[in-house]
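Participant: I'd like to ask you about the structure that follows.
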Amino acid sequence: MSRSVGDQRPAGGGRGAAAASFAIGVENVSKSYRLWGRRSQFATLKSALLKRDLKLEPDASVPALKKVSFVIDRGEAFGIIGRNGSGKSTLLKIISGILKPTSGRVVVSGRVAALIELGAGFHPEITGRENIYINGIMLGLTRREIDQRFDRIVEFSGIGPFIDQPVKTYSSGMYVRLGFAVAVHVDPDILLIDEVLSVGDEEFSQKCVAKIQEMKYRGVTLMFVTHQLEQVRNLCDRALWLDHGEAVAVGDPVRVVDSYLQQVAGSRTAQGVVVSATAVPAPETEAQAEENAASPRDSLEEERWGSGEVILRRVALVDDQGRELVALGAGTPVSIELDVEVRVPQDDFVFGIGIYHADGNCVYGTNTELEGFMPQHLDRDGRVRFAMRSLDLVAGSYRIDAAVHTRNGRAFDYRRGCIRFVVGARVHDIGVYRPQHHWEFEGGITFREIDLLKRNVPAPVAEYIRDNEDEPPRPKKRK
Amino acid sequence: MNELKSLYRHRQLIAALTARDLKARYRGSILGFFWSLANPLLLLSVYTLVFTVFFPQQAVKGPYPLFLFAGILPWTFFSAAVLEATTSISSNAGLIKKVMFPAEALPLVVVSSHLVHFALAMPILLAATGAFAVAHQISIHWTIALVPLLMILQTLFVAGVAMTVASASVLFRDLRDIITNLMQLGFFITPIIYLIGNIQSRPLRALLRLNPMTPFVVSYQDVLFFGHLPGLADSLLMVSYALASLALGFLVFERLRDVLAEAI
């Protein structure tokens, strides 16, 4: 099922989108809300009838969205953040088909369920059971489909015996739970969620997040509008930041959330930050951030952003003698060193590091806040060393993120992928983590000999191997 | 054509919402569904009292209450459905703004739930006719079989009007008050309590004929009370009013659909 809304239909007709590889396509969508007064009601009706438009005086309109374009792939989780009034909900309503864009085009392919207000359409006088049926039909299910799902819905909602009581007797929590339960059991291809995960108690909220993760796992395309930035970081593959109806940044959620926090903090303190933009060469300007945020997800370039009061001048992976490494053998002792330059003293700061596999999966991440270090002073330059007795990774390429930020996540300097390194190993074991281990055999189990070519090698040799990857190994060189 | 298709797609929704409306309306009231039957009976008693005791009508041959009943039921269906339709969309703003919801279902739900009330009152009318027949004041006519046909035509007509006023009153709120007053007037310019043939002035009669409810009410009286077929003119008028009203309803609704969510 495909739906296309908007003024300009695609040349070949909207139907072709059924086989589209993307779930939601938004092209140059703008939306203006018309303001119209009480006095001119009849004029409103007349113009609406004649022009299908709520136009009154030409200037009496408020732009809510300005030329927003993006594409959401099938199975992607896409977050939309921004201040109140930035157009997030309008965008969601346009995609769901509730509102019509003033100009531009939206193509949606698949069954859509929109969680804009949970339990919208519940009638207080009739029972939960009857409301489930009516709500389900409103969301596009047939009576039979609801029969099949009924028990699961009731179980998920946790309403229990109250299901046969009129909904007006429900607590607001029960109301919302029932609404969510119905909506997620519609089995949509695309789920649009507007700020509804923040309702209900902690337990149910977690249940919702778990359910949404399950849906994501099953390949449902998700689109969130939320103020809970943590959810965007954790659940989304990409994020869009809307400000005054314009798309400021699209891309990596950590990155987009951070630029957003940056701007929110910036406008809150106004001129509070003494650092001038020119005095901070390292972290990029907002414009650059935009550019980079829109670039593909796992680029090889380092991405860097932050407000610049504190800077990570150098980030390095070093061995126990302090030598910088780009390749290492599994099991070698290494440290990550951060050279910190303090431009504006801080008393709220967190140092963090993250190790990622080249495929983008996080191998490990931590920060001083998580490990309970209470910040006191950061008033002079210094060095942070994150020392590991051994870095037990299987062979592969990895990258390191390092950051210094405030406790609420606003970055002073965030360096994504600032180090890339390779772990070399002759053992073709699989996975990510390589526990230090050895094999012991007792009884009648014997092996002829150990093929030394397959044993682990020290770091300098690994570097050599990496550089000569394609050449056949020369056993003579090895012990 | 698209509209009809979407209506077919939403038939389950309309049915479910109608059932919900009916259930919700009587839940919590002691007599419950009985009110659907009692309301027309009580209304009928009041009118019978007024027009047989206070202002006796000699013009109608036969039991006056039955004549009254035949006209009041279709009129009540029309006026109650149209009046309620004016607020059907604005009182469900949550659905229009928060759910992908086919707005045209709302006035149609109103129409179908009033149709159910109308249909439930029919047995009472038939029982009353039967009672008078037993008392040999009237005989039961075969033309009663035509009532369902009239109901279908009238339902189409009412649905068109309901869709028109439902969508238009979102943008033009005064419509509800205007319609409330028009309905008061309408009751008297429709030949419900009197026979149209008894109006002496020709221009006045012509005026009454302009009222689209006139052919419907007159036809109900024809088949239920007088026991003859509806006149050809009335039949043609009913069909054209039904079609015209449906066309207008779909047209206006289609025109306003896109702005409804914004204007509510």
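Participant: Across peptide A:148-157, how many C-beta atoms of other chains are within 10 Å of each residue C-beta, on average?
Facilitator: Whole-number average of other-chain Cβ neighbours for A:148-157 is 0.
Participant: Quickly work out the A:Trp439-to-B:Phe54 label distance, labels modelled 7 Å from Cα along the C-beta direction, and quote it in nm with one decimal.
Facilitator: Each label point lies 7 Å from its Cα, and together they span 10.6 nm.
Participant: Let me ask something else about it. Rg and Dmax of the stretch B:15-153 over Cα atoms: what are they, in angstrom?
Facilitator: 18.0, 59
Participant: Under a point-charge model restricted to the Cβ atoms of Lys and Arg (+1) and Asp and Glu (-1), what is the dipole moment magnitude of the stretch B:2-263 relative to its Cα centre, in debye to the nearest 20?
Facilitator: My answer is approximately 280 debye.
Participant: Moving to a separate point now. At R0 = 45 Å, how high is the FRET efficiency between A:Glu302 and A:Tyr33 if r is their beta carbon distance? Nearest 0.05 is fine.
Facilitator: 0.60
Participant: Per the helix-only calculation at 222 nm, which mean residue ellipticity applies to chain B, given -39500 (n - 2.57) for every DSSP H run of n ≥ 4 and division by its residues, nearest 500 deg cm²/dmol?
Facilitator: Calculated at 222 nm, the ellipticity per residue is -24000 deg cm²/dmol.
Participant: Spin-label point model (7 Å from Cα, Cβ direction): what's the A:Arg111 to A:Leu50 distance in nm?
Facilitator: Each label point is offset 7 Å from its Cα along the Cβ direction, giving 4.4 nm.
Participant: At 1.4 Å probe size, with the rest of the protein present, what percent of the exposed accessible area of the stretch B:2-263 is carbon and sulfur atoms?
Facilitator: 71 percent
Participant: How much net charge surrounds A:Asp187 when only the other residues with a Cβ under 11 Å from the Cβ of A:Asp187 are counted, with Lys and Arg +1 and Asp and Glu -1?
Facilitator: Charge balance in the 11 Å sphere: +2.
Participant: Rounded, prolate or oblate: which fits the stretch B:113-231, taking a ≥ b ≥ c as square roots of the Cα gyration tensor eigenvalues, rounded meaning a/c under 1.5, else prolate when a/b beats b/c?
Facilitator: Oblate.
Participant: To the nearest 0.05, how large is the calculated FRET efficiency for A:Lys168 and B:Ser91 if R₀ is 22 Å and r is the Cβ-Cβ distance?
Facilitator: About 0.85, to the nearest 0.05.
Participant: Just to confirm, what accessible area per residue do you get for the stretch B:2-263 at 1.4 Å probe, in whole Å²?
Facilitator: I get 44 Å² per residue for the stretch B:2-263.
Participant: Continuing with the same structure: Based on the alpha-carbon gyration tensor of chain B and its eigenvalue square roots a ≥ b ≥ c, which shape applies: rounded if a/c is under 1.5, prolate if not and a/b is larger than b/c, or oblate?
Facilitator: prolate
Participant: May I pose another question? Place a point 7 Å from Cα of B:Ser139 in the direction of its Cβ. Which residues in the stretch B:219-233 have their backbone N less than 15 Å from it?
Facilitator: B:225-229
Participant: Residues of A:100-113, mean number of Cβ from any other protein chain within 10 Å of their own Cβ, rounded to a whole number?
Facilitator: For peptide A:100-113, the averaged partner shielding equals 1.
Participant: Enumerate the helices in chain B for which the Kyte-Doolittle hydropathy averages -1.0 or more and the C-alpha atoms extend at least 24 Å along the helix's axis, using complete DSSP H runs.
Facilitator: The qualifying helices are B:64-88, B:105-134, B:147-171, B:232-263.
Participant: State the answer as a single residue: which of B:Ile72, B:Ser167, B:Ile138 lies farthest towards the positive end of the charge dipole of chain B, with beta carbon charges of +1 for Lys and Arg and -1 for Asp and Glu, about the Cα centre.
Facilitator: Going by the Cα projections, it comes out as B:Ser167.
Participant: Okay, moving on. Averaged over its residues, how many other protein chain Cβ atoms are within 10 Å of peptide B:254-263's Cβ atoms?
Facilitator: 6
Participant: So, one more: Given a cut-off of under 8 Å on Cα pairs at least six residues apart, what relative contact order in percent is computed for the stretch B:42-197?
Facilitator: Relative contact order of the stretch B:42-197: 35 percent.
Participant: Just grab the label-to-label distance for A:Asp187 and A:Asp73, each label 7 Å out from Cα along the Cβ direction, in nm (one decimal).
Facilitator: Each label point lies 7 Å from its Cα, and together they span 2.6 nm.
Participant: Rounded to the nearest 100 Å², what's the accessible area chains A and B bury against each other, both chains counted, probe 1.4 Å?
Facilitator: Approximately 3200 Å² gets buried when A meets B.
Participant: Okay, moving on. Mind ranking A:441-448, A:402-409, B:102-109, B:186-193 by how tightly packed they are, going by the mean number of other C-beta atoms within 10 angstrom, highest first?
Facilitator: Answer by packing, highest mean first, reads B:102-109, A:402-409, B:186-193, A:441-448.
Participant: Then there's this: What net charge is computed for the residues neighbouring A:Tyr133, neighbours being all others with C-beta under 12 Å from the C-beta of A:Tyr133, Lys and Arg scored +1, Asp and Glu -1?
Facilitator: Taking every other residue near A:Tyr133 into account, the sum is +3.
Participant: Still on this structure, please answer the following. At 0.36 nm per residue, minus the direct Cα-Cα distance, what do A:Val318 and A:Cys362 gain on full extension? Give it in nm, one decimal, please.
Facilitator: 13.8 nm
Participant: What ³J(HN,Hα) values, in whole Hz, does the Karplus curve 6.51 cos²θ - 1.76 cosθ + 1.60 give for the stretch A:139-150 when θ = phi - 60°, with x put for Gly and Pro?
Facilitator: These are the phi-based 3J(HN,Hα) values: 7, x, 8, 9, 4, 5, 4, 5, 3, 5, 8, 3 Hz.
Participant: Could you list, bin by bin from short to long, the percent of Cα-Cα pairs of the stretch A:134-197 in 5 Å steps?
Facilitator: Computed distribution, short to long bins: 3, 17, 28, 26, 18, 6, 1.
The values are calculated or read from the model by the stated rules, or taken from the named source; none is laboratory data. Remember, predicted model here, so these are calculated numbers, not experimental data. With ideal geometry, Cβ positions are generated from the backbone for all residues, glycine too; neighbour counts draw on all protein chains shown. Surface accessibility is based on the protein's heavy atoms, side chains included, excluding ligands, DNA and RNA. Shrake-Rupley method; radii C 1.70, N 1.55, O 1.52, S 1.80 Å.
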